[in-house]
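Asks: Supplied in structure tokens, the structure appears directly below.
The values are calculated or read from the model by the stated rules, or taken from the named source; none is laboratory data. Quick caveat, the model's predicted, so the values are computed rather than measured. Virtual Cβ from ideal backbone geometry, glycine too; neighbours counted across all protein chains shown. Accessible surface areas use protein heavy atoms only, side chains included; no ligands, DNA or RNA. Shrake-Rupley method; radii C 1.70, N 1.55, O 1.52, S 1.80 Å.
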Amino acid sequence: MDIPQAKQPKLALKPLKIFVFIISVIVLAAWGILRHRSDAITVNMNELVIDSVKRGQFIRDIRAPGTLQPQTFRWIAATSRARVEQILVQPGAKLEIDTIIMRLSNPTLTRELERATYALEVAQAEFNALGKRLKSDALAQEAMVIDYQARFENADFRLKANEALKDLQIVSVLDVKENKLLQQQYQSRLRIEKKRLQHLKELHLAELAAKQAQVNQARSALKLQQNLESDLNVKAGLTGVLQFVPVEQGQQLNTGDILARVAREEDLKAELRVQESLIKDVVLGQKVVISAGGNRATGSISRIDPAVQNGVVLVDVIFDEASLTGARPDLRVNGVIEIERVENALTIRRPVQSQENSNNNLYLVNERQAKLVAVSLGSGSVDRIHVTGGLQAGDKVIVSEISQFNQRPLISLQ
């Protein structure tokens, strides 16, 4: 016969389950703490760059290096084949308009000048002789006109007198007719001679004009030779500074070879080299601060080169008032171009490897800890960037290199 076993009460199992549950919670909590401590690292604050979020006016700008260049300058070139005889001044010298920079020599120009002088004298003499001959011809024709004028008037007078006497039967009809024919003959000849005189005057004017053109041509040739000979004394032609002389004494020159460059020192502009990736934000009229050697001056953009050269775009800046102190041509300068101004903006120093208009993870510093937070960044300038979300004024953020932290959510600071 089976003896029935007594059933254990269910209440006896509950304390055991509660105990197991409590132990599990403790173990999980300890494991979480240990894991958290294993992920956290300690960093020396002196090795970090920490910046505070500031609220105020944000000036967006870009930097560009450049040089000062003269706005007014003159290239001097050789006007003929010559040899450098003597260089009188060196680069850097102050020049007046008539200052002679160098002397050139060309014996051929002297002979050509003499030949041009004689050619002008011959042309002028021929012009004068032609004028006198034409005047003589005109006088002869005028005399011919006067002679036939007198003949016509005499024949006309006789005709009228004979017509009056014919009625008195003193003169025959035949004589009257002969007088009539003679009067008509002289009248026609007078008309022809007048036309010849008019045509002769027009012909004389054309001949004189042609000869005058030859005289002018000879005079221009002489003027050219005189200028070429005068150009052997190379003058500045501009009040300024001699920038450089690329020739040497004794050097043979061809027509068009560069001899020197003269520029005005007081009339300079800044020529900046802006990276092609930044030129999209640069427009005419923007304000620019030019600095060199501790001196600063303000200006505005006057020209943007349409072409890209070696990854940069040339931008000309005209100074507002006085130029940069100590300015001289080819002086290296730095320019800061103001792109835009944003009022009441949150900004921080530009974090390392940050990009404009992007989302970034930055470490927000709170006493001795730094927590990884998501931050939205907007447009940036040279050293600061606009914060559009994720931070508030007064927050402190690590802006130095953080890639070594491997995006840990929390780091300890000491």
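Asks: In square angstrom, what is the accessible area per residue of the chain with a 1.4 angstrom probe?
Replies: Values: 26330 Å² over 414 residues.
Counting only protein heavy atoms, the per-residue value for the chain is 64 Å².
Asks: List the residue ranges in the chain for DSSP H helices whose C-alpha atoms run 30 angstrom or more along the long axis and whose Kyte-Doolittle average is 1.0 or above.
Replies: Numbers: long enough: 14-39 (37 Å, 1.07); 107-166 (89 Å, -0.44); 173-230 (84 Å, -0.83).
Those that clear 30 Å and a mean of 1.0 are 14-39.
Asks: At 222 nm, what value in deg cm²/dmol follows for the chain if DSSP H runs of at least 4 each add -39500 (n - 2.57) and the sum is divided by all its residues, to the nearest 500? If you can, show how the numbers build up before the last one.
Replies: Values: 3 runs with 144 residues, N = 414.
It lands at -13000 deg cm²/dmol.
Asks: Measure off, as a whole percent, the carbon and sulfur share of the 1.4 Å-probe accessible area of the chain, all protein chains present.
Replies: Carbon plus sulfur share of accessible area: 52 percent.
Asks: Which three extents, in angstrom, do the Cα atoms of the stretch 99-140 have along their principal axes, listed largest first?
Replies: Computed over the Cα atoms, the extents are 60, 23, 6 Å.
Asks: Between residue 41 and residue 310, what length in nm is gained on full extension when 0.36 nm per residue of separation is reduced by their alpha carbon distance? Provide the component values of the computation, followed by the final result.
Replies: Details: separation 269, 0.36 × 269 = 96.84 nm, distance 4.55 nm.
So the extension gain works out to 92.3 nm.
Asks: May I ask for the net charge around residue 331, where only other residues with Cβ less than 13 Å from the Cβ of residue 331 are counted and Lys, Arg are +1 while Asp, Glu are -1? Write out the running numbers ahead of the final one.
Replies: Details: positive: 269, 328, 332; negative: 265, 271, 330.
After counting each charged neighbour, the total is 0.
Asks: How much length is gained if the chain between residue 110 and residue 341 is pulled fully straight, taking 0.36 nm per residue apart and subtracting their Cα-Cα distance, in nm to one decimal?
Replies: On the way: separation 231, 0.36 × 231 = 83.16 nm, distance 6.74 nm.
Separation in residues times 0.36 nm, less the Cα-Cα distance, equals 76.4 nm.
Asks: Distance from the Cα centre of the stretch 84-123 to that of the stretch 327-406, in angstrom?
Replies: Cα centroid to Cα centroid, the span is 64 Å.
Asks: With each pseudo-label sitting 7 Å past Cα toward Cβ, what's the residue 85-residue 248 distance in nm, one decimal?
Replies: Rounded to a tenth, the inter-label distance reads 2.1 nm.
Asks: Please compute the Kirkwood hydrodynamic radius of the stretch 165-292 from all pairs of different C-alpha atoms, in Å with one decimal.
Replies: On the way: mean 1/r = 0.0400 Å⁻¹.
Taking the inverse mean of 1/r over all distinct Cα pairs, the stretch 165-292 comes out at 25.0 Å.
Asks: Let me ask something else. What dipole magnitude, in Debye to the nearest 20, does the stretch 78-175 give about its Cα centre under +1 on Lys/Arg Cβ and -1 on Asp/Glu Cβ? Walk me through the intermediate numbers first.
Replies: Details: 13 positive and 15 negative charges, 126 e Å.
The dipole magnitude comes to about 600 debye.
Asks: Label residue 191 and residue 160 with points 7 Å out from Cα along Cα→Cβ: what is the distance between them in nm?
Replies: Going by the 7 Å Cα→Cβ label model, 2.0 nm.
Asks: Counting alpha carbon pairs within less than 8 Å and at least 6 residues apart, what relative contact order, in whole percent, applies to the chain? Walk me through the intermediate numbers first.
Replies: On the way: 722 pairs, mean separation 119.5, N = 414.
Relative contact order of the chain: 29 percent.
Asks: Okay, moving on. List the pairs from 132/223; 211/235; 54/371; 94/269; 132/195; 132/194 whose alpha-carbon separation is above 29 Å, in the order I gave them.
Replies: Working: 132/223 27 Å; 211/235 36 Å; 54/371 19 Å; 94/269 19 Å; 132/195 21 Å; 132/194 21 Å.
Result: 211/235 exceed 29 Å.
Asks: Taking only Cα atoms of the chain, what ratio of Rg to Rh do you get with Rh as the Kirkwood inverse-distance radius? Don't jump to the answer; show the numbers that get you there.
Replies: Values: Rg = 51.7 Å, Rh = 33.4 Å.
That ratio equals 1.55.
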